[in-house]
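Asks: Shown below is the structure under consideration.
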Amino acid sequence: MTTNNKLPLHDLRVIDFGHYIAGPAVGMILADQGAEVICIHPPGGPRWVDQANAILGRGKKSIVLDLKDKADQQTAQALVERADILIENFRPGVMDRLGLGADILTVINPSLVYLSLPGFAASDSERASTRAYEAIVAAASGQFTDMGLSRVLMGINPSFTPLPLASAYAATLGATAALLAATAARKTGKGDRIEVPLASALMEGLVYNAMYVENYPERYKSPREREIERRRNQGEPMDMSYLDIQEYLDPFYRSYYCADGRPFYIVCASHQHHVRKAMKLMGIWDDMQAQGLPDFDAYLAVSEWPEGQTCSLTSYPFSPDWAQRISSAMKQVFKTRSAFEWEQVWGEAGIPAAAHRTTKEWMTSEHAQVSGLVVEVDDPQLGVIRQMGNVAWLASSAEAVMQKSPAPQPDADREAILAILNEQPRSAGKDNAGEDGWLNGVKILDLTNVIAGPTIASTLARFGAEVISLSTIEPSMDPWNTVIFGFQAGRGKRSMLCDLKTTEGQQILSRLLADIDVITFNGLERQLGGLGLDAERLKEINPGVVLCLFDAFGGPAQGPRSNYPGYDDLVQASIGVMTRFGGGLETPEEHAHLGTIDVLGGFASALAISVALFQRQQTGSGDVARASLAAAGQLIQLPFMIDYPGRQPLDEPAGREVKGWGPLYHCYEASDGWFFLVLEEQGLPHLVEICAIKVGSGDEELQNQLADCFIKNTTSFWSEKLQTIGAAVMSLATLQELREENLAIESEASVDISKNTYSFVRHDQHPSGRSIDIVAPNAIRPQRAKISIPSPARKYGIDTRSILDELGFDDREIELLFEKKVVSESWSEAYLPE
């Protein structure tokens, strides 16, 4: 193989039959780590003609094969016979008809990992044959009808977003699964057939929006949630303006306008220290204290709050009165400096905040380029291109991943690829391959919090990994962030509370590390030493350990904002997501879904770990596996993450009122609800005939005529009618509908997570004492390896004693650790303070 041997996957060969985004993105991710990725292009080149192919094709080789031609089919089969991984994202059955199905190819090459990324599960009789364009998957999955609290209050439903969330989630999960299976295949000689439906992956990405918590406590409802409830109860219309809604936002979780008119976003609510530091930095701390600023333990039950208090400084959300006082004071101070000046001031003070930018501004920013989050590629067609860098990387190869070769022209590597046929095929598989999870026996120490960090280990737990979550004895975040988000991200973990800043805490850590394979940590690199996680100590205790370091703005190289803290929303503000969704810098708006980037960041870190484990199997050595919110955020913007001299402005949908990307890729209202239409240009004459309309002078006129036509009949009528002309049509679902239709009760029967595209589990005997409905981990569906539904999230600290006992501490030593407050069993009496 002719690949960069400085990269961890340099001896891995991948055959990429992918098209559009999801499949090619898996190939890109693997090529970015050094894999030899051979792209099978159809005659005429990629089916999707878009400049994003310059990103998706980088680092690959190309050969043109007509898969309907017998000789070319045989060539493709012979290449697969000499490969480790195959990627395809056709509809179920297409590859079988081409003679390239998994049943045939896994016999020819028993060690092959065959990765399929269809739009919907092959077992989904209702949707499997649907032409699964990105927006069709989004429509079916409730993405367009559950677009956030602000859109509800504005009365805007449905909403459209051009971000390819489904492809981003599926590609990252698909690459992770393929690598874990390939690692297992190197040991056992047996590969696997893996299906990752885009819609299933998208639902896992929307997990926090689809979750239902029984008897959700009033104290955790935001002002926007309460206003929605009030209006619905009173029968009032949802007609709030953008500006009105800003005053329903928490003062530490919103945008402020600065001296230069640019908005500046801060996210420091809920944190024990950030809120105080922010008010002191802005010079309003003393005044707020003098007014009686409420400041008490966020983990107290409401019945234990000081008399007359309706909120606490470190617990989200603030009451309307205090929110108004604080935000009014903050507004005045922010007007004294420009947004970029404030960004540096807040960043250097270690408080999460960021200036709003467009995507182009982000790509040309100093930090994006210096850090390697954005790289330059010398493309023979377009010249020097700026484009997104790696989604994940290892510290040992960080410098190498910033060097990219351009996407090849179709058939550019034909001679070299055909020479592969002179190699010996892969050897037959061994007989000792079991059906355990890929990570059975792997132990993970989870030192993370909030959403993205805990998602890493919870993602890997389904593959059989044993996870111990170690948190501080005094929580740094409020119950909304720890307990409520933990209903999802805490699944499949045991929990202990320990103070690692004490001598005894470090002794406990040393015993844990001796038997740990992976450590996950979300924070800044400079914090590792103080926690006893510096490279020298880890190498001394356990040279094979993989340390996963996840942060907000990190890249393969150090940049001016690498040590700035941040959260999902701040990255949205920084890289242009909020500007696009809101329609411009004047009205930025958080992208609808809670954890849009957070969950993907967790998936990306799981990917980084899978790369490190593959490398460890070859070398015996550990590494530092890296990912960041910024890197993940770029992936969901992949079609827009490209810039080059002379590039025309992208014709991208933006703002609150958009319903699609042109009249033939659009949400339309029928007489009984909404549906999404996708029709290729060649089908337009047939559509004009069906709707009895005239093609006018532009897209807007055509769109209006179609809207007038479609409102006259039902969605089912139009679905049947339009499919006869090759259109893809999908009714817009809601998350609530999908949850109720696909819900299994945990205590009543075993849960089959591979039966449908969507799967939810009701933990009806949850340790919190309330039922929790949550997305089941069904996006990754291997044929051989086992996938487990992780157990419900346990109360923080409940396993402290048993873990200490397993580490060899006797009863007297354990009691002494509790007496000295080195360890604890709880943050509060109740699982969730009410």
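The values are calculated or read from the model by the stated rules, or taken from the named source; none is laboratory data. Remember, it's a predicted structure, so these values are computed and weren't measured experimentally. Neighbour counts are summed over all protein chains in view; Cβ atoms, including those assigned to glycine, are modelled from backbone coordinates with ideal geometry. Heavy atoms of the whole protein, side chains included, go into the accessibility calculation; ligands, DNA and RNA do not. Shrake-Rupley method; radii C 1.70, N 1.55, O 1.52, S 1.80 Å.
Asks: The conditions are (1) open to solvent by 20 Å² or more (accessible area, probe 1.4 Å); (2) of a type in the set (Gly, Ala, Ser); (3) part of a strand (DSSP E or B), and Ser510 fails exactly one of them. Which is it?
Replies: (3)
Asks: Next up: What residue, of Leu421, Leu373, is closer than 26 Å to Leu105 by Cα and either out of contact with any Pro (no Cβ under 9 Å at 6 or more places or on another chain) or touching a residue at least 12 places away in the same chain (Cβ under 8 Å) (or both)?
Replies: Leu421
Asks: While we're looking at this one, here's another question. Evaluate the following for Ala353: is it within 22 Å of Lys277 (Cβ to Cβ), among the aliphatic types (A, V, I, L, M), in contact with a helix residue (DSSP H, G or I) (Cβ under 6 Å, 6 or more places away or on another chain) and surrounded by fewer than 24 Cβ atoms within 10 Å (Cβ to Cβ)?
Replies: Numbers: within 22 Å of Lys277 (Cβ to Cβ): yes; among the aliphatic types (A, V, I, L, M): yes; in contact with a helix residue (DSSP H, G or I) (Cβ under 6 Å, 6 or more places away or on another chain): yes; surrounded by fewer than 24 Cβ atoms within 10 Å (Cβ to Cβ): no.
No, not satisfied.
Asks: Hey, could you check the stretch 305-344 for residues that are assigned to a loop (DSSP other than H, G, I, E, B) and among the hydrophobic types (A, V, I, L, M, F, W, C) and say which is nearest to Arg254 (Cα to Cα)?
Replies: Step one: filter the stretch 305-344 for residues assigned to a loop (DSSP other than H, G, I, E, B), giving 305-319, 335-338.
With among the hydrophobic types (A, V, I, L, M, F, W, C) added as a condition, the list becomes 305, 311, 313, 318.
Numbers: Trp305: 26, Cys311: 18, Leu313: 16, Phe318: 13 Å.
Step by step, filter the stretch 305-344, then rank; the result is Phe318.
Asks: Quick one: in the stretch 635-657, of everything that is among the acidic types (Asp, Glu) and in a loop (DSSP other than H, G, I, E, B), which residue is nearest to Gly383 (Cα to Cα)?
Replies: Taking the stretch 635-657 and keeping what is among the acidic types (Asp, Glu), we get 643, 651-652, 657.
Those still in the list that are in a loop (DSSP other than H, G, I, E, B) too: 651-652, 657.
On the way: Asp651: 21, Glu652: 23, Glu657: 36 Å.
The extreme case among them is Asp651.
So that you can scan it fast, the table gives a plain yes or no per residue for (1) at pLDDT 95 or above; (2) closer than 20 Å to Ala670 by Cα; (3) touching a Cys at 6+ places or on another chain (Cβ under 7 Å):
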residue: Ala122; (1), (2), (3): yes, no, no
residue: Glu126; (1), (2), (3): no, no, no
residue: Glu134; (1), (2), (3): yes, no, no
residue: Val137; (1), (2), (3): yes, yes, no
residue: Ser141; (1), (2), (3): yes, yes, no
residue: Asp146; (1), (2), (3): no, yes, no
residue: Leu153; (1), (2), (3): yes, no, no
residue: Phe160; (1), (2), (3): yes, yes, yes
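Asks: Here's another thing I want to ask about it. Among the residues of the stretch 625-652, write down those that are open to solvent by less than 10 Å² (accessible area, probe 1.4 Å) and either modelled with pLDDT under 95 or touching a strand residue (DSSP E or B) at 6+ places or on another chain (Cβ under 8 Å) (or both).
Replies: Correct list: Ala625, Ala627, Ser628, Leu629, Ala631, Gln634, Leu635, Gln637, Leu638, Met641, Ile642.
Asks: I would also like to ask the following. Going residue by residue through the stretch 382-401, is there one that turns out to be without any contact (Cβ under 8 Å) to a residue 60 or more places away in the chain and of a type in the set (S, T, N, Q)? Before you say what the answer is, go through the steps one by one.
Replies: The first filter runs over the stretch 382-401 and keeps only residues without any contact (Cβ under 8 Å) to a residue 60 or more places away in the chain, leaving none.
Looking for residues that are without any contact (Cβ under 8 Å) to a residue 60 or more places away in the chain and of a type in the set (S, T, N, Q), one finds none in the stretch 382-401, hence no.
Asks: In this structure, is Arg186 open to solvent by 10 Å² or more (accessible area, probe 1.4 Å), in contact (Cβ under 8 Å) with a residue 60 or more places away in the chain and either in a helix (DSSP H, G or I) or on the phi > 0 side of the Ramachandran plot (or both)?
Replies: So Arg186 passes the test.
Asks: For the stretch 702-739, name all the residues that are in contact with a Cys (Cβ under 9 Å, 6 or more places away or on another chain) and assigned to a loop (DSSP other than H, G, I, E, B).
Replies: Leu732
Yes or no, residue by residue, for (1) of a type in the set (S, T, N, Q); (2) surrounded by 15 or more Cβ atoms within 10 Å (Cβ to Cβ); (3) free of Cβ contacts under 8 Å to residues at least 12 places away in the same chain:
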position: Val213; (1), (2), (3): no, yes, no
position: Tyr220; (1), (2), (3): no, yes, no
position: Glu225; (1), (2), (3): no, yes, no
position: Pro237; (1), (2), (3): no, no, no
position: His271; (1), (2), (3): no, yes, no
position: Arg276; (1), (2), (3): no, yes, no
position: Gln291; (1), (2), (3): yes, no, no
position: Glu304; (1), (2), (3): no, no, yes
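Asks: Here is a follow-up. With Pro792, Pro777 as the choices, which residue is assigned to a loop (DSSP other than H, G, I, E, B) and in contact with a His (Cβ under 7 Å, 6 or more places away or on another chain)? Steps first, please.
Replies: Details: Pro777 fails: in contact with a His (Cβ under 7 Å, 6 or more places away or on another chain).
Matching residue, one of Pro792, Pro777: Pro792.
Asks: Can you confirm whether Pro685 is surrounded by fewer than 20 Cβ atoms within 10 Å (Cβ to Cβ) and assigned to a helix (DSSP H, G or I)? Can you show your working first?
Replies: On the way: surrounded by fewer than 20 Cβ atoms within 10 Å (Cβ to Cβ): yes; assigned to a helix (DSSP H, G or I): yes.
Yes, satisfied.
Asks: Filter the stretch 397-415 down to the residues that are farther than 21 Å from Ser610 by Cα and among the hydrophobic types (A, V, I, L, M, F, W, C), then identify the one that is surrounded by the most Cβ atoms within 10 Å (Cβ to Cβ). Walk me through how you get there before you give the answer.
Replies: Quick first cut of the stretch 397-415, residues farther than 21 Å from Ser610 by Cα only: 403-415.
Those left that are additionally among the hydrophobic types (A, V, I, L, M, F, W, C): 407, 412.
On the way: Ala407: 28, Ala412: 18.
Restricting to residues being farther than 21 Å from Ser610 by Cα and among the hydrophobic types (A, V, I, L, M, F, W, C), the top hit is Ala407.
Asks: Return the residues of the stretch 795-834 that are open to solvent by 50 Å² or more (accessible area, probe 1.4 Å), touching a helix residue (DSSP H, G or I) at 6+ places or on another chain (Cβ under 9 Å) and part of a loop (DSSP other than H, G, I, E, B); say none if nothing qualifies.
Replies: Going residue by residue through the stretch 795-834, those that are open to solvent by 50 Å² or more (accessible area, probe 1.4 Å) are 796, 798, 801, 805-806, 808, 810-813, 815-816, 819-821, 825, 829, 834.
Those left that are additionally touching a helix residue (DSSP H, G or I) at 6+ places or on another chain (Cβ under 9 Å): 796, 801, 805, 808, 811, 813, 816, 820, 825, 834.
Once the filter is applied, which keeps residues that are open to solvent by 50 Å² or more (accessible area, probe 1.4 Å), touching a helix residue (DSSP H, G or I) at 6+ places or on another chain (Cβ under 9 Å) and part of a loop (DSSP other than H, G, I, E, B), the stretch 795-834 yields Tyr796, Gly808, Lys820, Glu825, Glu834.
Asks: Condition first: farther than 20 Å from Thr724 by Cβ and not in a loop (DSSP other than H, G, I, E, B). Now tell me which residues in the stretch 688-701 satisfy that.
Replies: Asp699, Glu700, Glu701
Asks: Out of Asp146, Asp96, report the one residue that is open to solvent by 30 Å² or more (accessible area, probe 1.4 Å) and out of contact with any Ser or Thr (no Cβ under 9 Å at 6 or more places or on another chain).
Replies: On the way: Asp146 fails: out of contact with any Ser or Thr (no Cβ under 9 Å at 6 or more places or on another chain).
After applying the criteria, what remains is Asp96.
Asks: Go through (1) open to solvent by 40 Å² or more (accessible area, probe 1.4 Å); (2) over 21 Å from Ser270 (Cβ atoms) one by one and return the number of the condition Leu394 breaks.
Replies: (1)
Asks: While we're here: Only one residue in Val49, Val14 is closer than 26 Å to Gln381 by Cα, open to solvent by 30 Å² or more (accessible area, probe 1.4 Å) and either within 26 Å of the chain's Cα centre (by Cα) or of a type in the set (A, V, I, L, M, F, W, C) (or both). Which one?
Replies: On the way: Val14 fails: open to solvent by 30 Å² or more (accessible area, probe 1.4 Å).
Of the residues listed, the single one that is closer than 26 Å to Gln381 by Cα, open to solvent by 30 Å² or more (accessible area, probe 1.4 Å) and either within 26 Å of the chain's Cα centre (by Cα) or of a type in the set (A, V, I, L, M, F, W, C) (or both) is Val49.
A quick yes/no check of all residues on (1) exposed (fewer than 14 other Cβ atoms within 10 Å of the Cβ); (2) of a type outside the set (Ser, Thr, Tyr):
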site: Met288; (1), (2): no, yes
site: Ser312; (1), (2): no, no
site: Gln324; (1), (2): yes, yes
site: Phe334; (1), (2): no, yes
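Asks: Quick check on my filter: what residues within the stretch 758-774 are assigned to a loop (DSSP other than H, G, I, E, B) and either of a type outside the set (Phe, Trp, Tyr) or more than 16 Å from Met203 (Cα to Cα) (or both)?
Replies: Quick first cut of the stretch 758-774, residues assigned to a loop (DSSP other than H, G, I, E, B) only: 758-759, 764-771.
Across the stretch 758-774, the qualifying residues are Ser759, Asp764, Gln765, His766, Pro767, Ser768, Gly769, Arg770, Ser771.
Asks: Quick one: how many residues across the stretch 737-760 are within 21 Å of the chain's Cα centre (by Cα) and more than 19 Å from Val196 (Cβ to Cβ)?
Replies: Adding up the residues that qualify gives 1.
Asks: Of all the residues that make up the stretch 52-79, how many are under 15 Å from Leu30 (Cβ atoms) and not basic (Lys, Arg)?
Replies: 4
Residue by residue, here is whether (1) under 24 Å from Tyr133 (Cα atoms); (2) open to solvent by 30 Å² or more (accessible area, probe 1.4 Å) holds:
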{"position": "Glu36", "(1), (2)": "no, no"}
{"position": "Gly44", "(1), (2)": "yes, yes"}
{"position": "Gln74", "(1), (2)": "no, yes"}
{"position": "Leu105", "(1), (2)": "no, no"}
{"position": "Ser111", "(1), (2)": "no, no"}
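Asks: So, in the stretch 785-794, exactly how many residues are under 20 Å from Ser469 (Cα atoms) and open to solvent by 80 Å² or more (accessible area, probe 1.4 Å)? Show your work before the answer.
Replies: To start, the set of residues in the stretch 785-794 that are under 20 Å from Ser469 (Cα atoms) comprises 788-794.
Subsequent filtering for residues that are open to solvent by 80 Å² or more (accessible area, probe 1.4 Å) retains 794.
So the answer is 1.
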